[in-house]
There are 4 protein chains.
Amino acid sequence: MKVGIIGATGYTGLSLLRDLAGRPSTEVTLVTSRKEAGGKLIKIHPSLAGYPGYRELILEDPNLLEKIKEKEPARFPEVIFLAVKHKAAMALAPRVLNLGSKVIDLTGDFRLKEKELYPKWYKFEHECPEYLSQAIYGLPELHRDKIKNARLVANPGCYPTSVILALAPLCQEGLIRQGTTIMVDSKSGVSGAGREPSLGNIFCEVSENFRAYKVVGHQHTPEMAQELSFLAKGRISLSFTPHLVPMNRGICTTTYVLVQKVSGLSQITEIYQDYYKNEPFVRLKEQGQIPETLDVRGTNFCDLGLFYDEDEDVVKIISVIDNLCRGASTQAMVNLNILSGAEENLGVNLVALRP
Amino acid sequence: MKVGIIGATGYTGLSLLRDLAGRPSTEVTLVTSRKEAGGKLIKIHPSLAGYPGYRELILEDPNLLEKIKEKEPARFPEVIFLAVKHKAAMALAPRVLNLGSKVIDLTGDFRLKEKELYPKWYKFEHECPEYLSQAIYGLPELHRDKIKNARLVANPGCYPTSVILALAPLCQEGLIRQGTTIMVDSKSGVSGAGREPSLGNIFCEVSENFRAYKVVGHQHTPEMAQELSFLAKGRISLSFTPHLVPMNRGICTTTYVLVQKVSGLSQITEIYQDYYKNEPFVRLKEQGQIPETLDVRGTNFCDLGLFYDEDEDVVKIISVIDNLCRGASTQAMVNLNILSGAEENLGVNLVALRP
Amino acid sequence: MKVGIIGATGYTGLSLLRDLAGRPSTEVTLVTSRKEAGGKLIKIHPSLAGYPGYRELILEDPNLLEKIKEKEPARFPEVIFLAVKHKAAMALAPRVLNLGSKVIDLTGDFRLKEKELYPKWYKFEHECPEYLSQAIYGLPELHRDKIKNARLVANPGCYPTSVILALAPLCQEGLIRQGTTIMVDSKSGVSGAGREPSLGNIFCEVSENFRAYKVVGHQHTPEMAQELSFLAKGRISLSFTPHLVPMNRGICTTTYVLVQKVSGLSQITEIYQDYYKNEPFVRLKEQGQIPETLDVRGTNFCDLGLFYDEDEDVVKIISVIDNLCRGASTQAMVNLNILSGAEENLGVNLVALRP
Amino acid sequence: MKVGIIGATGYTGLSLLRDLAGRPSTEVTLVTSRKEAGGKLIKIHPSLAGYPGYRELILEDPNLLEKIKEKEPARFPEVIFLAVKHKAAMALAPRVLNLGSKVIDLTGDFRLKEKELYPKWYKFEHECPEYLSQAIYGLPELHRDKIKNARLVANPGCYPTSVILALAPLCQEGLIRQGTTIMVDSKSGVSGAGREPSLGNIFCEVSENFRAYKVVGHQHTPEMAQELSFLAKGRISLSFTPHLVPMNRGICTTTYVLVQKVSGLSQITEIYQDYYKNEPFVRLKEQGQIPETLDVRGTNFCDLGLFYDEDEDVVKIISVIDNLCRGASTQAMVNLNILSGAEENLGVNLVALRP
């Protein structure tokens, strides 16, 4: 299978290249970069130099996609990942689809169903809203069947992956107390901020420091509400706050839900066990065990811990993922597996790098 | 002024010694350690070796307090800090008081007014509940006047300091929506776990990792509820979750409150500005500015940021402190200042060590 | 192929289990732990819970090896890794060999050829010196041919791996100036200190801190001298200092050599290019490029950078490895590959986890 | 005393402001920034907002120094610190001196006595070499007497401070073996790289990573050679390599010296004890004790550990400093104390912030 990555120099691109190196019978035949076009991929990412398939890859100019296909159609990718910035994918996806390749988009550009949400949350008007309805939200646990036949997969955001998996069973079951709001407190490693230097992500501003950011209005919020409301068959109300942790990778989300009609932790546990009983990439912790980001580093797993504060009728769900893997590249590769009819875990690394 | 520290080898003791070195006309005449009695203080804490007043100090056995006083009454401390483990202060405080010295206790042993709460939250029966009523909860912003005449100050816990200061104005003003629960999500550096080695706090289990702990039932919870209910003149309901951040110092608490009758962020801001207008150690961030733990490292400041999610009627308060300073030693020194009639900021370091 | 790990609860054991999960047709049929015997492996290492082959493994008591073999001879490992503490392998290796399995020992117990060196550097008398001569020092670049037929492989220490690979070409070529001493300055992540809690490896004593340790007399020193002298056909004199870096994994070694008869950096570069031209796991950086530990994290690569200080006739070699992978488990798996006649890179991960 | 800082927005400027806040009777009356002129100082550095003297300070344009003095001569600083980039101080120092203020320059622009060294090591021609002879190298241990009367102090570099203090006694005593080269291996926290974002200093490229940089040719090298040769009364030959540690602050330097005529560690120790017996800011560790950067964080101390590898006749000196304090701002304040006739330790913080 031939695949390509548009935007290969960032951390998401790097993580995709790591994942794809482990996928059998897979060849990366296209990598692009606007800024580094013409240069060798491994000059930007020396950590890839040990994989033979990457040693000679040259970064191409994404503006020349059509010419590249024309020149060597046989090597043009069947599936292309978009690992670019938000807003850049809107222009790229239609071009790639027109070239006959499928698209797995890792930006937020096709995740929301209602185009009106883009100006509010992303601060731009959507340029091709006609694609929103055909884009499939690529969370396999929710939309596996639709992904199979998708031409355009909107790979979920890192935060929403951790939040939706934490809340899906509760929302579907209808146990959230009427009139209350779910509080979602997420903590992410710094790689989520990308590889572009800025004062906010230099070492001395992050290390030994902890802070929230975008306390109100983070663009991942509507994606959570959309998918959870879909599950609940009614509007789900939540308030989301992201924080920056002085570590490279990992997201830990603590979700607070005021519940109704809950008899105890065991009832909650059964609901989750049932919901996830056939899911290969969701692991429920045993009672009292607390998920840790290091246990999922470098993998596609989402570990969930369930807790119940009886005094206050509050269910707390703790979910951890690797923001670059389950939150981006590996989930994208699982989507590739699904839409290409391969085993869902083909090439997927099952053991974390710990410590 | 002569002061002493019982339990000088832990991080709280070390932090106290750093603070007291900066306090004019203050002599530490007693430091104790059960395990290291007889040894030099600076052998345990080489970082103190540059301060002349500590170079010759020998760690004493806390069992011999009475003999130490008998031998050299003139050098016995007027005020003694208890920087020991929970449960150990119950036995020590009465002994120190009987020797005529005042006590500033940094454990939780005298913070709760109702003795019944100890078995539930601390898993022990209180041994001298008769002292609970005379102990003053040492949060100057709430109890300054009572601290002045206190013989026994119960220095607040690190988490409760960050939580109570975040919520005090809202609780007093009565803006919390009836029937809801405040969600309190705290993140702490590792020094809060003390200096005792255990699998949970070795470097490789913490670095590049993030996890919650004691998700339900942390012993600091009742202290928050007690003080906030006192302010609200009614029961305040909250659910608290602590997390471990891979950094040495600092607490960041994000508090989620469903409010009622709030017109907007400016109303909230005014309430906080008014409440803290004369407080030297609480700094309100300007609108949109987000508090960072690094800005308070090594100081007694609590920085507060206020946010309002209009869509959901949720007020989010972000509070940051240094868990060892404002959360323990420096707050204790401020209490020393208050009860000894000194300026409240005597010897208090006003500039953080950043980066 | 059936393999076993004696000492599976430490970080080396964990890293071996991660590596072996990626090796085709390999079954781990035995894991042991003195302290945790009887418990589930994934209870100690939840990060392994996603790999089906490990889910049901129970930790056995290493004292019962003979009984385990007797009971189920067909499942007994053909090769057993010893991932125990120094000194413990001396007693285990003969027992395993007597049971007919081959041994790959990750301790230092069989690395030195001269038994007299053990009391000086390891502070113990060797209990079975008769095995020292048959043990093969498992650095493939030096002893590949002997490893093929080995029954007992002494897997190199982490520091020596980084040092010997840095110096082998220079020593063989005889360019070290007579009468001088090579200075070897190594920096290691904390996982090298193991998973046993102690004051020296708790987070707050390591993070934001940097220190040397065992400044004179580190037990890895004679191993370096032994192998390099063997290559140089004469005594190689070196002085070694290890340091602790606040990070989990990685070793960076800077080696300083006063040289003679060197015309310039290009001469040195050619010598190294020639020496390593067929080596799959040594990567020479291009001129001026500096090796980074993050580029080899989770892999078996050793990246080398060569520098020449013309003013002082000093060659500086910078070598980086992952201390748990190339410095322990992955090198051990490569040794398994060699002695079992498999491809040397069978199951070996070729892409680092970065960032 | 009125002082000023040109270049107040970087980490050196911030560290100076922290130090000066602790100096009695000192007023900072001038802070400048080219980029942020017109803005409030505490907007850039919120960590300073708790110190009353800084709350109203406005960043001035350094191009307007003369006008500022003309307008309010009484408030113009008696001493001005230059905390700018290398090469920028050359133009500023003469201007400040012409305005009648003394200069403490924290760049390298006036540290070297021979102007010919600038093109080689700093890659620029010196613009005012006539000032090089009157500039005093501000290492108090070496040049205290000359600093007293200096108008222009060239504050030492961070690395050279750690190296010169490590080697001064040995060089003066003449124990370095003829024909050999001292190997100097330094490791620094990231704040030494400044506050300007670049790919090399973002969190994800530094954390969990370790690397050398400028392996040959670092511009601090000639400064070390100059001062040590001056002490040795003969050319001292050394080769220097800096490395980046994933931590904010601290330098640890390991220096390797092949010695002659040394009877043992006690001889070396006596030489150092004697050399530093009256020095308030150099602390010799007891035999076997290893210096740690965390013990000097936030202070002006240099801790030295002495080791002797008898097998190889190698003396290893380990020196640690805080790169921003002893390596920049606090040493600069001590120079201010000396040239203004104050006590050398006036306002100097004597206790590290640990952990």
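Which of (1) of a type in the set (Gly, Ala, Ser); (2) assigned to a helix (DSSP H, G or I); (3) facing another protein chain (nearest Cβ under 10 Å) does A:GLY13 not meet, given it meets every other one?
A:GLY13 satisfies every listed condition except (3).
Mind telling me which of the residues B:LYS85, B:LYS35 ends up being within 14 Å of another protein chain (Cβ to nearest Cβ), in a loop (DSSP other than H, G, I, E, B) and of a type outside the set (Asp, Glu)? Give the steps one after another, and end with the answer.
Working: B:LYS85 fails: within 14 Å of another protein chain (Cβ to nearest Cβ).
Every option except B:LYS35 fails the conditions.
Taking the residues in region A:38-50 that are in contact with a Ser or Thr (Cβ under 9 Å, 6 or more places away or on another chain) and assigned to a helix (DSSP H, G or I) as candidates, determine which candidate is farthest from C:PRO355 (Cα to Cα). Working first, answer last.
Restricting attention to region A:38-50, the residues satisfying the condition of being in contact with a Ser or Thr (Cβ under 9 Å, 6 or more places away or on another chain) are A:39, A:41, A:44-45, A:47, A:50.
Next, only the ones that are assigned to a helix (DSSP H, G or I) stay: A:41, A:44, A:47.
Values: A:LEU41: 16, A:ILE44: 13, A:SER47: 10 Å.
Out of the qualifying residues, it is A:LEU41.
Can you name the residue in region B:74-120 that is in contact (Cβ under 8 Å) with a residue 40 or more places away in the chain and in contact with a His (Cβ under 8 Å, 6 or more places away or on another chain) and is also surrounded by the most Cβ atoms within 10 Å (Cβ to Cβ) among such residues?
Looking at the filtered set, the residue picked out is B:ASP109.
How many residues, within region C:319-348, are crowded, with 24+ Cβ neighbours inside 10 Å, out of contact with any Phe, Trp or Tyr (no Cβ under 7 Å at 6 or more places or on another chain) and over 16 Å from C:LEU139 (Cβ atoms)?
Residues meeting the conditions: 1.
Are any of the residues in region B:40-47 at pLDDT 95 or above, more than 30 Å from B:SER229 (Cβ to Cβ) and among the β-branched types (Val, Ile, Thr)?
Initial filter on region B:40-47 (at pLDDT 95 or above): B:40-47.
Now narrow it down to the ones that are more than 30 Å from B:SER229 (Cβ to Cβ): B:40-47.
Still in the list and also among the β-branched types (Val, Ile, Thr): B:42, B:44.
Checked region B:40-47: at least one residue is at pLDDT 95 or above, more than 30 Å from B:SER229 (Cβ to Cβ) and among the β-branched types (Val, Ile, Thr).
Please verify whether region B:173-190 includes one or more residues that are among the aliphatic types (A, V, I, L, M), within 22 Å of B:ALA352 (Cα to Cα) and touching a residue at least 12 places away in the same chain (Cβ under 8 Å).
Residues of region B:173-190 that are among the aliphatic types (A, V, I, L, M), as a first pass: B:175-176, B:182-184, B:190.
Restricting the remaining residues to those that are within 22 Å of B:ALA352 (Cα to Cα) gives B:190.
In the following step, the residues that additionally are touching a residue at least 12 places away in the same chain (Cβ under 8 Å) were identified as B:190.
Yes; the residues of region B:173-190 include at least one that is among the aliphatic types (A, V, I, L, M), within 22 Å of B:ALA352 (Cα to Cα) and touching a residue at least 12 places away in the same chain (Cβ under 8 Å).
Taking region B:184-234 on its own, how many of its residues are of a type in the set (A, V, I, L, M), under 29 Å from B:THR9 (Cβ atoms) and surrounded by fewer than 21 Cβ atoms within 10 Å (Cβ to Cβ)?
2
Does region A:17-28 contain at least one residue that is in contact (Cβ under 8 Å) with a residue 24 or more places away in the chain and assigned to a strand (DSSP E or B)?
First, pick out the residues of region A:17-28 that are in contact (Cβ under 8 Å) with a residue 24 or more places away in the chain: A:17-28.
Checking the rest, the ones that are also assigned to a strand (DSSP E or B) come to A:27-28.
Yes, region A:17-28 contains at least one residue that is in contact (Cβ under 8 Å) with a residue 24 or more places away in the chain and assigned to a strand (DSSP E or B).
Any idea how many residues of region D:270-287 are within 14 Å of another protein chain (Cβ to nearest Cβ) and either in contact with a strand residue (DSSP E or B) (Cβ under 6 Å, 6 or more places away or on another chain) or more than 19 Å from D:ASP322 (Cα to Cα) (or both)? Steps first, answer last, please.
First pass over region D:270-287, keeping only residues within 14 Å of another protein chain (Cβ to nearest Cβ): D:276, D:279-287.
Next, only the ones that are either in contact with a strand residue (DSSP E or B) (Cβ under 6 Å, 6 or more places away or on another chain) or more than 19 Å from D:ASP322 (Cα to Cα) (or both) stay: D:276, D:282-287.
Total satisfying the criteria: 7.
Regarding A:GLY305, is this residue buried (at least 21 other Cβ atoms within 10 Å of the Cβ), on the phi < 0 side of the Ramachandran plot and more than 12 Å from every other protein chain (Cβ to nearest Cβ)?
Numbers: buried (at least 21 other Cβ atoms within 10 Å of the Cβ): yes; on the phi < 0 side of the Ramachandran plot: yes; more than 12 Å from every other protein chain (Cβ to nearest Cβ): no.
It is false that A:GLY305 is buried (at least 21 other Cβ atoms within 10 Å of the Cβ), on the phi < 0 side of the Ramachandran plot and more than 12 Å from every other protein chain (Cβ to nearest Cβ).
For region A:259-267, check the following and say yes or no: at least one residue is within 11 Å of another protein chain (Cβ to nearest Cβ) and small (Gly, Ala, Ser).
Within region A:259-267, not a single residue is within 11 Å of another protein chain (Cβ to nearest Cβ) and small (Gly, Ala, Ser).
Only one of (1) under 22 Å from B:LYS285 (Cα atoms); (2) in a loop (DSSP other than H, G, I, E, B); (3) touching a residue at least 60 places away in the same chain (Cβ under 8 Å) is not met by A:ARG195, so which one is it?
(1)
If I go through region D:88-115 residue by residue, how many of them are charged (D, E, K, R), part of a loop (DSSP other than H, G, I, E, B) and over 20 Å from the mean Cα position of the chain (by Cα)?
Keep residues of region D:88-115 that are charged (D, E, K, R), which gives D:95, D:102, D:105, D:109, D:111, D:113-115.
Then drop every residue that is not part of a loop (DSSP other than H, G, I, E, B), which leaves D:109, D:111, D:113-115.
If we keep only those that are over 20 Å from the mean Cα position of the chain (by Cα) too, we end up with D:115.
Of the residues in region D:88-115, 1 are charged (D, E, K, R), part of a loop (DSSP other than H, G, I, E, B) and over 20 Å from the mean Cα position of the chain (by Cα).
Give me a count of the residues in region A:199-222 that are over 15 Å from D:ASN248 (Cβ atoms) and among the β-branched types (Val, Ile, Thr).
3
Is it true that some residue in region D:166-183 is closer than 30 Å to D:LEU14 by Cβ, of a type in the set (Gly, Ala, Ser) and either out of contact with any Asp or Glu (no Cβ under 8 Å at 6 or more places or on another chain) or within 14 Å of chain A (Cβ to nearest Cβ) (or both)?
yes
Looking at A:ILE290, is it of a type in the set (A, V, I, L, M, F, W, C), closer than 21 Å to A:TYR137 by Cβ and within 11 Å of chain B (Cβ to nearest Cβ)? Let's see the steps before the verdict.
Working: of a type in the set (A, V, I, L, M, F, W, C): yes; closer than 21 Å to A:TYR137 by Cβ: no; within 11 Å of chain B (Cβ to nearest Cβ): yes.
The answer is no for A:ILE290.
With respect to the numbered conditions (1) more than 12 Å from chain B (Cβ to nearest Cβ); (2) closer than 19 Å to D:ASN248 by Cα, which one is the sole condition not fulfilled by A:LYS233?
Against the list (1) more than 12 Å from chain B (Cβ to nearest Cβ); (2) closer than 19 Å to D:ASN248 by Cα, A:LYS233 comes up short only on (2).
Hey, A:ASN98 hits all of (1) polar (S, T, N, Q); (2) touching a helix residue (DSSP H, G or I) at 6+ places or on another chain (Cβ under 6 Å); (3) over 20 Å from A:LYS35 (Cβ atoms) but one; which does it fall short on?
The number of the failed condition is (2).
For region D:32-64, give me each residue that is of a type in the set (A, V, I, L, M) and touching a residue at least 40 places away in the same chain (Cβ under 8 Å). Write out each step before concluding.
We begin by selecting, within region D:32-64, every residue of a type in the set (A, V, I, L, M); these are D:37, D:41-42, D:44, D:48-49, D:57-59, D:64.
Of everything in region D:32-64, just one residue is of a type in the set (A, V, I, L, M) and touching a residue at least 40 places away in the same chain (Cβ under 8 Å), namely D:LEU59.
Scanning region B:1-38 for residues that are out of contact with any Phe, Trp or Tyr (no Cβ under 9 Å at 6 or more places or on another chain) and among the polar types (S, T, N, Q), which turns out nearest to B:GLU196 (Cα to Cα)?
B:THR9
Sort out which residues of region B:24-56 are aliphatic (A, V, I, L, M) and in contact with a Lys or Arg (Cβ under 7 Å, 6 or more places away or on another chain), and write them in order of number.
Keep residues of region B:24-56 that are aliphatic (A, V, I, L, M), which gives B:28, B:30-31, B:37, B:41-42, B:44, B:48-49.
The answer is B:ILE42, B:ALA49.
Among the residues that make up region B:185-192, is at least one of them more than 7 Å from every other protein chain (Cβ to nearest Cβ) and over 23 Å from B:VAL320 (Cβ atoms)? I'd like the intermediate steps shown before the answer.
Step one: filter region B:185-192 for residues more than 7 Å from every other protein chain (Cβ to nearest Cβ), giving B:186, B:188-189, B:192.
Imposing the further condition that a residue be over 23 Å from B:VAL320 (Cβ atoms) reduces the set to none.
The answer is no, given that none of the residues of region B:185-192 is more than 7 Å from every other protein chain (Cβ to nearest Cβ) and over 23 Å from B:VAL320 (Cβ atoms).
Taking the condition closer than 16 Å to C:THR9 by Cβ, within 14 Å of chain A (Cβ to nearest Cβ) and either in contact with a Phe, Trp or Tyr (Cβ under 9 Å, 6 or more places away or on another chain) or exposed (fewer than 13 other Cβ atoms within 10 Å of the Cβ) (or both), does C:LEU57 pass? It would help to see each step written out before you state the result.
On the way: closer than 16 Å to C:THR9 by Cβ: yes; within 14 Å of chain A (Cβ to nearest Cβ): yes; either in contact with a Phe, Trp or Tyr (Cβ under 9 Å, 6 or more places away or on another chain) or exposed (fewer than 13 other Cβ atoms within 10 Å of the Cβ) (or both): no.
Considered against the rule, which asks whether it is closer than 16 Å to C:THR9 by Cβ, within 14 Å of chain A (Cβ to nearest Cβ) and either in contact with a Phe, Trp or Tyr (Cβ under 9 Å, 6 or more places away or on another chain) or exposed (fewer than 13 other Cβ atoms within 10 Å of the Cβ) (or both), C:LEU57 comes out as no.
The values are calculated or read from the model by the stated rules, or taken from the named source; none is laboratory data. The structure displayed is predicted, hence computed values, not measured ones. Glycine also receives a Cβ, built like all others from the backbone with ideal geometry; neighbour counts cover every protein chain displayed.
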